[in-house]
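Nothing in this text is a laboratory measurement; each read-out follows from the coordinates by a stated rule. Being a predicted model, the structure only gives us computed values, none of them experimental.
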Amino acid sequence: MRKPSKRTLSTVAVFLLLVWGGFLLMIGWAMRQPPEKFGRVMSHVPGPAFLLFPFETMWTQTRAGTMEPGDAAPDFRLPTLDHKSEVELSALRGKPVVLVFGSYT
């Protein structure tokens, strides 16, 4: 068996680095999308890829936001549980409101 040349190994290394960098850019883009789109993109990522890329670090940096403790929550609108109407946060001003963030899947 013939030993690969340094040029061949360099070419393969550069190619793999470009593929890895492109994938990081794609994941970074996906992390800035709405949750539904992000979920669709991530559903196509094979499990072992999570071992090759710094997902937790990227996620923390991407979703850090600019709010500080004590800032007013931005206004948003969500459907009610029965999906027959919507509730807007600003409509609840002056009433006690508890916001729970997390994933329950």
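The table below lists the values:
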read-out: Backbone HN-Hα couplings from phi across the stretch 40-52 [Karplus 6.51/-1.76/1.60, Hz, Gly and Pro as x]; value: 5, 5, 5, 5, 9, 8, x, x, x, 4, 5, 7, 9
read-out: Reachable lysines from Lys37, criterion Cα separation under 25 angstrom, eight or more residues apart if same chain; value: Lys84
read-out: Phi to ³J(HN,Hα) by Karplus 6.51 cos²θ - 1.76 cosθ + 1.60 over the stretch 73-89, Hz, x for Gly, Pro; value: 5, x, 5, 8, 10, 9, x, 6, 4, 8, 6, 9, 8, 10, 10, 10, 4
read-out: Rounded to whole Å, sorted largest first: equivalent-ellipsoid semi-axes of the stretch 1-97, Cα gyration tensor; value: 46, 16, 9
read-out: Rounded to whole Hz, the Karplus (6.51, -1.76, 1.60) HN-Hα couplings of the stretch 9-21, x for glycine and proline; value: 5, 5, 4, 5, 5, 5, 4, 5, 5, 5, 5, 4, x
read-out: Long-range amide H partners of Val87 with built H, under 5 Å; value: Leu78, Thr80
